[in-house]
Amino acid sequence: MLLICCTACKKNKSDNGEETLPDVDIKTRVVASGLSNPWEMIYGPDGLLWITERSGKISRVNPQTGAVTLLHTVSDVVSNGEGGLLGMALHPNFTANPYVYVVYNYNSSGNYREKVVRFSYANNALSNPQILLQQIPAANIHNGSRLLITSDQKLLISTGDANVAENAQNKNSLSGKILRINLDGSIPADNPVAGNPMWSFGHRNAQGLIQVGDRIYASEHGPDSDDEINLITKGKNYGWPNVKGFCNEPAEQTFCAANDVAEPLKAWTPTIATASISYYNSDYIPQWKNSLLLMTLKGTRLVQLKLNEAGTEITASKDFLDGDFGRLRAITQSPDGKVYISSSNGNDDKIIEIAK
Ligand SMILES: [Ca+2]
Ligand SMILES: [Ca+2]
């Protein structure tokens, strides 16, 4: 790669104009194997890795011993194609409010749908499922769905277009959105449209969601081009299906000007299949501070996305683990800065610890 010394900013610049990020001598360790499409992973307050598998299992994995302990099988999960048990979130104050939130696909009178359900946790078991949102359209492709509980105690839910692209632009459809509800399932009074869970629209299939300060980042799968990282703003239109990636083609420019479309922070062509994202700011791996860490499925690698101080731009990127574990889906971190990721190859999937 051609390196040009940029005297104005005193940083190395690669030939694509990005800052060149330092190498990191990371070490990987397979914590557990024999899993099937682990979709979500959370480093829990109990020091265990809480995982979902698409088939409907919720398990906890001991990051030291690798022991996998089944916690619950969600009985009405229907896994068609990309569908099944997907995202999960734990209540941020889990000791006082031991609630586990999940999003999954099911059959409703013969129609494939998606719903958000809250379970109560006690004595190593989940019980008392409460439906918070249901009848979200679903299909064998493009079901989202990542969950995120924000610092203001709202639940964000990314939904895919369920293979009906036009619904992403329809504010009254639950498809192709970032939805926002209260933790009891009611609709917040400060949502963009009264009585509507829509928070942002024009999404194709967002499968990564993370909060950093007052900012929300989402990753999104593009079609045959333009995977995206977006900064999510209340009520904004993110373009799909009228716009792919940036507003750079003539028809897109017309649509973007008329609809105040938010462009991504970054887009990838060819696509890498952008999945879960995490925000890294630990001193443990200082080279990764103030970066998003992105899992990629087709790309089979971890991508570091360095942010500027304001978090409004991605200034550089660097690839890790290229091809080492196949498709990568979920990511979480321990409080001491170790990173845990999951593969998603369909059989003998692994949870891998990244340390230094
Ligand atoms: Ca977009
Ligand atoms: Ca474009």
Check: Does G311 satisfy being out of contact with any Asp or Glu (no Cβ under 8 Å at 6 or more places or on another chain) and of a type in the set (G, A, S)?
Finding: yes
Notebook entry, point to check: Does I216 meet the test of being within 11 Å of ligand 1 (Cβ to nearest atom), at pLDDT 95 or above and of a type in the set (A, V, I, L, M)?
Noted result: no
Note to self: Looking at segment 238-253, I want the residues that are without any contact (Cβ under 8 Å) to a residue 60 or more places away in the chain and have a partner that is more than 12 Å from ligand 1 (Cβ to nearest atom) with Cβ atoms under 6 Å, at least 6 apart or on another chain. Which pairs are those?
What the structure shows: C247/Q253
Notebook entry, point to check: Do the conditions hold for F255, that is, is it in a helix (DSSP H, G or I) and either in contact with a strand residue (DSSP E or B) (Cβ under 8 Å, 6 or more places away or on another chain) or within 20 Å of Q304 (Cβ to Cβ) (or both)?
Noted result: yes
Next item on the list: Give segment 338-356 a look and list any residue that's in a loop (DSSP other than H, G, I, E, B) and either buried (at least 20 other Cβ atoms within 10 Å of the Cβ) or under 19 Å from the mean Cα position of the chain (by Cα) (or both), or say none.
Entry: K338, S344, N345, G346
Check: If you take the residues of segment 189-213 that are among the polar types (S, T, N, Q) and over 22 Å from T296 (Cβ atoms), which of them is nearest to ligand 1 (Cβ to nearest atom)?
Finding: S200
Next item on the list: Filter segment 102-149 for residues that are of a type in the set (D, E, K, R) and outside any strand (DSSP E or B) and give the result.
Entry: R146
Next item on the list: Please tell me if P223 is within 14 Å of ligand 1 (Cβ to nearest atom) and out of contact with any strand residue (DSSP E or B) (no Cβ under 6 Å at 6 or more places or on another chain).
Entry: yes
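So that you can scan it fast, the table gives a plain yes or no per residue for (1) closer than 18 Å to E53 by Cβ; (2) aliphatic (A, V, I, L, M):
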residue: Y104; (1), (2): yes, no
residue: S109; (1), (2): no, no
residue: S120; (1), (2): no, no
residue: N128; (1), (2): no, no
residue: I141; (1), (2): no, yes
residue: G144; (1), (2): yes, no
Notebook entry, point to check: So which residues in segment 135-149 are in contact (Cβ under 8 Å) with a residue 60 or more places away in the chain and surrounded by 16 or more Cβ atoms within 10 Å (Cβ to Cβ), if there are any at all?
Noted result: H142, N143, G144, S145, R146, L147, L148, I149
Next item on the list: Say whether the condition of being more than 18 Å from the chain's Cα centre (by Cα) and touching a residue at least 60 places away in the same chain (Cβ under 8 Å) is met by at least one residue in segment 327-335.
Entry: yes
Notebook entry, point to check: Could you list, in sequence order, the residues of segment 234-286 that are away from ligand 2 (no atom under 14 Å from the Cβ), in contact with a Ser or Thr (Cβ under 7 Å, 6 or more places away or on another chain) and among the β-branched types (V, I, T)?
Noted result: I272, T274, I277
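Every residue, every condition in (1) assigned to a loop (DSSP other than H, G, I, E, B); (2) touching a strand residue (DSSP E or B) at 6+ places or on another chain (Cβ under 9 Å), yes or no:
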position: F246; (1), (2): yes, yes
position: A251; (1), (2): no, no
position: A267; (1), (2): no, yes
position: S276; (1), (2): no, yes
position: S282; (1), (2): yes, yes
position: L294; (1), (2): no, yes
position: T315; (1), (2): no, yes
position: D324; (1), (2): yes, yes
Note to self: Looking at the structure I just gave you, is S291 at pLDDT 95 or above, more than 16 Å from ligand 2 (Cβ to nearest atom) and touching a Ser or Thr at 6+ places or on another chain (Cβ under 8 Å)?
What the structure shows: no
Note to self: For segment 227-273, give me each residue that is within 12 Å of ligand 1 (Cβ to nearest atom), of a type in the set (V, I, T) and under 30 Å from Y340 (Cβ atoms).
What the structure shows: I229, I232
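The values are calculated or read from the model by the stated rules, or taken from the named source; none is laboratory data. Worth saying up front: this structure is predicted, and the values here are computed from it rather than measured. Positions of Cβ are backbone-derived with ideal geometry, glycine not excepted, and every protein chain shown enters the neighbour counts.
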